[in-house]
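I have a structure I would like to understand better, so I am pasting it below and will then ask my questions one at a time.
Nothing in this text is a laboratory measurement; each read-out follows from the coordinates by a stated rule. As the structure is a prediction and not an experimental result, all values here were calculated from the model. Positions of Cβ are backbone-derived with ideal geometry, glycine not excepted, and every protein chain shown enters the neighbour counts.
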Amino acid sequence: MTTTESDFALRLRVEDLYSEYAHTIDDDRLEEWPDLFTDTANYRVTTRENYDNGLPLAMVYCDGRGMMADRISALRTANIFEPHVYCHMLSAVRVLAREGGVICARSNFSVLRTMQEGETMLFAVGRTFDKIVEDGGRLRFAERLAVLDSRRVDTLLVIPV
């Protein structure tokens, strides 16, 4: 297999992981969302301003799959919010590097939010910076950083972006 074919196959696998991530959220299969991460993975959502200035503050911070599962459990049983659904649009997926079993990748995203009454709006736009590893025969996120272009979020950021 040539390097080009190998690179293409890896990119397809990464794109498949990104698509599964989006569909898991958009199809309201949120209990499956933590399974897209390794046991010790971290998931953060921050603003472009914080990212550009190297500030560690995150709007959402989950350290480990257990914390992600707790977040979904709270969403289902404790959080009070107006029901809504997301539709992710992903683009510009790039595999940046592969070093020591870790794949560094990035993508752009936009999230459309539709409220229960049917009103749809652009909810979030940004980029993801990811570290992905082979785990249990499949690719999983070891680290996912979602950087929102805006520092203003219209409502409670309850569903993962």
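Just how large is the dipole of the range 3-148 about the Cα centre, in debye to the nearest 20, putting +1 at every Lys and Arg Cβ and -1 at every Asp and Glu Cβ?
Around 360 debye, computed over the range 3-148.
May I ask you to compute the full-extension gain from Tyr61 to His23, defined as 0.36 nm times their residue separation minus their alpha-carbon distance, rounded to one decimal in nm?
In short, 11.5 nm is gained.
Net charge around Ser110, counting only other residues with Cβ within less than 12 Å of its Cβ (Lys, Arg = +1; Asp, Glu = -1)?
+1
Test of understanding: express the Cα radius of gyration of the range 92-142 as a ratio to 2.2 N^0.38 Å, with N the residue count.
1.57
Then there is this: Per 0.36 nm of contour for each residue apart, how much would the distance between Leu156 and Cys87 grow if the chain were fully extended, relative to their Cα-Cα spacing?
Extra length from Leu156 to Cys87 when fully extended: 23.2 nm.
Next question. Roughly how many debye, to the nearest 20, is the charge dipole of the range 35-81 about its Cα centre, given +1 on each Lys and Arg Cβ, -1 on each Asp and Glu Cβ, and no other charges?
140
Can you tell me which of 64-76, 39-51, 115-127 comes out highest on packing, and rank the rest after it, using the mean Cβ neighbours within 10 Å?
39-51, 64-76, 115-127
Then there is this: Give me Arg106, Arg152 ranked fewest to most by other Cβ atoms within 10 Å of their Cβ, as a rough exposure proxy.
Starting with the residue having the fewest Cβ neighbours, the order is Arg152, Arg106.
Return the ratio Rg/(2.2 N^0.38 Å) for the chain, where Rg is computed over Cα atoms only.
For the chain, the normalised Cα radius of gyration is 1.04.
Among Val133, Val147, which comes first, then next, by fewest other beta-carbon atoms within 10 Å?
Ascending Cβ contact count within 10 Å gives the list Val133, Val147.
Go through Gln116, Gly54, Leu139 and say which Cα lies farthest out towards the positive end of the charge dipole of the range 3-148; charges sit on Cβ, +1 for Lys and Arg, -1 for Asp and Glu.
Farthest along the dipole direction, towards plus: Gly54.
A further question on this structure: Could you work out how much longer the chain between Ser6 and Arg48 gets when fully extended? Use 0.36 nm per residue separation minus the Cα distance between them, nm to one decimal.
11.8 nm
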